[in-house]
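Please read the structure below before turning to the comments.
The values are calculated or read from the model by the stated rules, or taken from the named source; none is laboratory data. Just so we're clear, the structure is a prediction, and the values are computed from it rather than from any experiment. Cβ: placed from backbone, ideal geometry, glycine included. Neighbour counts: every protein chain shown. Protein only, heavy atoms only, side chains kept; ligands, DNA and RNA dropped before computing areas. Shrake-Rupley method; radii C 1.70, N 1.55, O 1.52, S 1.80 Å.
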Amino acid sequence: CVVSCLLSVTDDTKLLCKMLLAPLAEELESICVHKYASLPILHILAPSCNRYFTEHDRFSVEIGERDGEPTSKKPQELRRKELLKFLMPKLVASISKTLQEKDELDNEEGLFNSKSGCNILFETVTNEGGESLFENLLDIVDEEFQLLDSFNTSRMYKRIVVETTSKSPKKQIE
């Protein structure tokens, strides 16, 4: 919650990227599957989403905004865009690397079998810049159909299909 708050109120996004996100980016594979370590990444991908953050978490992060006092000079959406610009290529590369490793697909604590990992996958695929992973995920489920036996993975695939078809109804999924 503290890191998410820091991401929400610090105007200097270059400093945030250099001092906070760069070290996190080096450990993305392990961070993405951890229940709590993944929250700052989810905060950038889906800020204040009630699916990932409790009411208390959202309350703590938005404290300055509620009081009517500006917490920073930079608008939230601009800050998020700048953080995403830094994070998305690293996140996509890390996930792509994981998707290429067949051992990781069967790992019980890996990206596909953890709730946090599936949440990160979903938000990455549905955010701008993560579309390239969509085809990779479809190819993987064609090859490794047993992945859908995992509750978290099947739920993630369902959410991706619903989200992508609702955004562009003309797009057909084979």
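Some points to look at:
- On a per residue basis, the chain carries 59 Å² of accessible surface, using protein heavy atoms and a 1.4 Å probe.
- Projecting the Cα positions of 4, 23, 89 onto the charge dipole of the chain (unit charges on Cβ atoms of Lys, Arg, Asp and Glu, taken about the Cα centre) puts 4 furthest along the positive direction.
- Charge tally in the Cβ shell below 15 Å around residue 26, where Lys, Arg are +1 and Asp, Glu are -1, residue 26 excluded: +1
- Computed from label points 7 Å out along Cα-Cβ, the spacing between residue 146 and residue 27 is 3.2 nm.
- The mean sequence distance of close C-alpha pairs (under 8 Å, at least 6 residues apart), as a share of the length of the chain, puts its relative contact order at 24 percent.
- The apolar share of the surface of the chain, taken as the fraction of accessible area on carbon and sulfur atoms (1.4 Å probe, ligands and nucleic acids excluded), comes to 54 percent.
- Nearest 10 degrees, 0 to 90: helix 115-126 Cα axis against the chain principal axis: 80
- Put a plus charge on the Cβ of each Lys and Arg, a minus charge on the Cβ of each Asp and Glu, and nothing anywhere else: the dipole of the chain about its Cα centre is then about 760 debye.
- Accessible area, probe 1.4 Å, largest first, for residues 149, 57: 149, 57
- Cβ-Cβ FRET estimate between residue 154 and residue 50, R0 fixed at 22 Å, reported to 0.05: 0.50
- Angle of helix 132-143 to the longest C-alpha principal axis of the chain, folded into 0 to 90 degrees and rounded to 10: 30°.
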